[in-house]
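Here is the structure we will look at.
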Amino acid sequence: MAQPPAGALTFRRATPNAAGALDALYLAAGQAWEAPVARIEGDLPPPLLDRGARRRLRLFHFNDLHHNLTLPDPHQGDSHLFAQIVRRHRAARRAAGDDEIVLLLSGGDDHTGTVLDELLGWAPTEFEVDAAYAAYSAAGVDAAALGNHELDRGAAVLGAGIRADAAFPILSANLFGSRHLEPGRDYVPAAIAVARGLRIGLVGLITPVDTRTRGAADPDLDVASPLKTLANLLPALAARCDALIVMSHCGYGVDSNLDGKAGSLRRLDEGDIAIARAAARLTDRPLVVMGAHTHTVLNENGLGPGTTIDGIPIVQAGGLGSHVGEFEMAIRAGAPRGASAMQARLHPLRRRADGESEQDYDAEFERRTIAPLVARVRHRLDEVLALNDGGEELSPAATLRQRYAGECALANFVADALVLRSAEFVGGRVDLAIVNSTAIGDGLVPGRKVTFKHWYAVMPFADALQTAELTGAELRAIVANNAARIVRPEELAGGGVDVRHYVSRGFLHFSSGLRYAIRLAHSPEAALSEDIAVGGRALADGARYRVAFTNYVGAGGYGESWNGSPIAGGVPGAIPSFDLRPIAKRELGLVFRNEIVAQVRAFGRIGPATGARLDGRLALR
């Protein structure tokens, strides 16, 4: 679709989701990130309500579901998370009065996290079905924002899923430059939804911190400033709408965050509080910021000082299927924002272990829509990969503590398995492997068989593999920079870091060929890496080493800062990070998790005998 020039938006009438609540839908095309929108043209709905006419806008919203549509469990019984959302939303639609609009919206990060990801494939030629978007279409989702994890498998795979299975618009105003996604068709910067005469403007924003951009397969894909894009777009859109929803996948906060899935201060660029402040200055129309990305359980106590900013409410509903949010706003056509009464609440979703029963979810929707999707991957879920011979060192509690705070038995296993597996790589076996701590999502329960489903929890992310030739000097600088990133003993003892959650410091683990010590000293700035040895010999600056790591690490770690930016995650002192981006890399066309799974199958066991142990490769002093 040809894009209008900078400063213009062109709208076209589109077909809303037949299962949703909209009477009409108008989608925008244009580069709102580039310049202020001075002209809007094309098909646009005229004002449809008499001044003072009343409507009640009611949103059911969820975010960061990460393909947790249902949680299969052959022992306790399945937990039907998305079908619980569907039941609550459909009951509200049935009970709605003539002046009430009931929408169902996703804040993004609908993919990456369960074995349902496998149905997406790794290229359009492997694509089967987009389980999330297919389920949302059947459920009556009216619109979804793009989240950063939608791009984990590449824009080409995302585009295949949108075209095949999304019967609703996908929104992102500040994403641009993809060679695989067509703006104005696959995703749009804004939309105007019409229901019961109310014109509702929708704007999507995506985080510039954690979105995978400028990779080898999509070198011009990038993300613009959310605040600048909003300033360019919102005034012109608001003039054509009665109410607005900013669907923000930028995270709750201003420039950092310590809640939701964050175990330490997490960097945000232009989070939802900043977005709400900006929106309040840009329009006086009724408006809500519907948030996502940080998995923040935001509205347990409704709206308050931290969630109503300059008259703009902010809502967010946890993550991974923890809650569904409900927001209501009473609107009088033509009246400014202050005349709108608002309320917000959260509804926890129940797991089977918490007493979920058939009264909690839409059993017919589960049977007709979700069960066939799960059936397509059931054989993968239950496949036994190995026996777990490890002890408590591999347990979830130990793994979550170790991965950020020192040597980690499960990370050792993964890094060493990658080196062994590299015998199959193009170019031959690598000397070393690097694994970022957040690539390890969970541990293993001692004594249990390890299924594919279990390993998906251990390695939940969609990373591909790269290799690079590093000089000894470069490797020394990486190891030195790593010393500042470790979660220190005083932090573990109650210093504001919760290692059960996401600690975005970019701490790295190395295969057994590299051994070193960290002298903690009195602060991260003073911490040193010492006695670095490779292959039993002192690291030589002039030597060269072939090293394997993921494309996430190779691209600079995004918010985990291997890109020259200050080390994040609550590390004081604005310590510059080593920049991995300029280093020449070779794309292997291989999936990190798949290669480790192949090695796990070959072992048949996970335990000390196969490298899942603490062996002293990292000493703390």
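Derivation of every value follows stated rules applied to the coordinates shown; laboratory data play no part. These numbers were taken from a predicted model, which means no experiment stands behind them. When we count neighbours, we look across all protein chains shown, and the Cβ atoms used for this are built from the backbone with ideal geometry, even at glycine.
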(request) State the extension gain, in nm to one decimal, for the chain segment bounded by residue 281 and residue 445, taking 0.36 nm per residue of separation less the distance between their alpha-carbons. (result) 53.9 nm
(request) Could you work out the equivalent-ellipsoid semi-axes for segment 19-375, taking the square root of 5 times each eigenvalue of the Cα gyration tensor, largest first, in whole Å? (result) 28, 24, 20
(request) Starting from the Cα-Cα distance between residue 14 and residue 471, subtract it from 0.36 nm times their residue separation and give me the gain in nm to one decimal. (result) 159.0 nm
(message) Relative contact order of the chain, please, whole-number percent, based on alpha carbon pairs below 8 angstrom and at least 6 residues apart.
(response) 14 percent
(request) State, to one decimal in nm, how far the label point of residue 537 lies from the label point of residue 41, with both points 7 Å from Cα in the Cβ direction. (result) 6.9 nm
(message) For a quick check of your reading of the filter: which GluC sites (Glu not before Pro) in segment 474-539 sit in a DSSP loop and have no more than 15 other Cβ atoms within 10 Å?
(response) 525
(request) Grab the alpha carbons of segment 480-600, take their convex hull, and tell me the volume per residue in Å³. (result) 142 Å³
(request) Do me a favour and compute the ellipsoid semi-axes for the chain from its Cα gyration tensor, root of five times each eigenvalue, largest one first, whole Å. (result) 43, 26, 22
(request) Per DSSP H run of at least 4 residues, take -39500 (n - 2.57); add these up for the chain, divide by its residues and hand me the 222 nm value, nearest 500 deg cm²/dmol. (result) -6000 deg cm²/dmol
(message) Can you give me the angle between helix 396-405 and the longest principal axis of the chain, using Cα atoms only, in degrees from 0 to 90, rounded to the nearest 10?
(response) 80 degrees
(request) Positive end of the charge dipole of the chain (Lys, Arg +1 and Asp, Glu -1 on Cβ, about the Cα centre): tell me which of 492, 232, 451 has its Cα farthest that way. (result) 232
(message) No solvent, one uniform scatterer per C-alpha: report log10 I(q)/I(0) for segment 404-544 via the Debye equation at q = 0.08, 0.16, 0.22 1/Å, two decimals.
(response) -0.24, -0.96, -1.49
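Just want to confirm a number: the relative contact order over segment 19-375, from Cα pairs under 8 angstrom separated by 6+ residues, in percent.
22 percent
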(request) Report ³J(HN,Hα) in whole Hz for each residue of segment 334-339, in order, from the Karplus equation J = 6.51 cos²θ - 1.76 cosθ + 1.60 where θ = phi - 60°; Gly and Pro get x. (result) x, 8, x, 4, x, 7
(request) Report, in degrees rounded to the nearest 10, the 0 to 90 angle that the Cα long axis of helix 472-482 makes with the longest principal axis of the chain. (result) 60 degrees
(message) Please report the antiparallel percentage of the DSSP beta bridges confined to the chain, to the nearest 5.
(response) 65 percent
(request) Return the ratio Rg/(2.2 N^0.38 Å) for segment 84-162, where Rg is computed over Cα atoms only. (result) 1.27
(request) For segment 138-150, just list the computed ³J(HN,Hα) in residue order, Karplus coefficients 6.51, -1.76 and 1.60, θ = phi - 60°, integers in Hz, with x standing in for Gly and Pro. (result) 5, 6, x, 4, 8, 6, 9, 8, 6, x, 4, 6, 4
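At 0.36 nm per residue, and after removing the present C-alpha to C-alpha distance, how many nm does the segment from residue 216 to residue 354 gain when stretched out fully?
Fully extending the segment from residue 216 to residue 354 adds 45.2 nm.
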(request) Could you compute the FRET efficiency for residue 185 and residue 98, with r as their C-beta to C-beta distance and R0 at 56 Å, rounded to 0.05? (result) 0.95
(message) To test your reading of the geometry: what angle, between 0 and 90 degrees and rounded to tens, separates the Cα axis of helix 81-95 from the longest principal axis of the chain?
(response) 10 degrees
(message) Under 15 Å from a point placed 7 Å out from the Cα of residue 308 along the Cα-to-Cβ direction: which residues of segment 326-363 have their backbone N that close?
(response) 327-331, 337-345
(request) Report the far tail of the P(r) of segment 384-620, meaning the percent of Cα-Cα pairs longer than 29 Å. (result) 22 percent
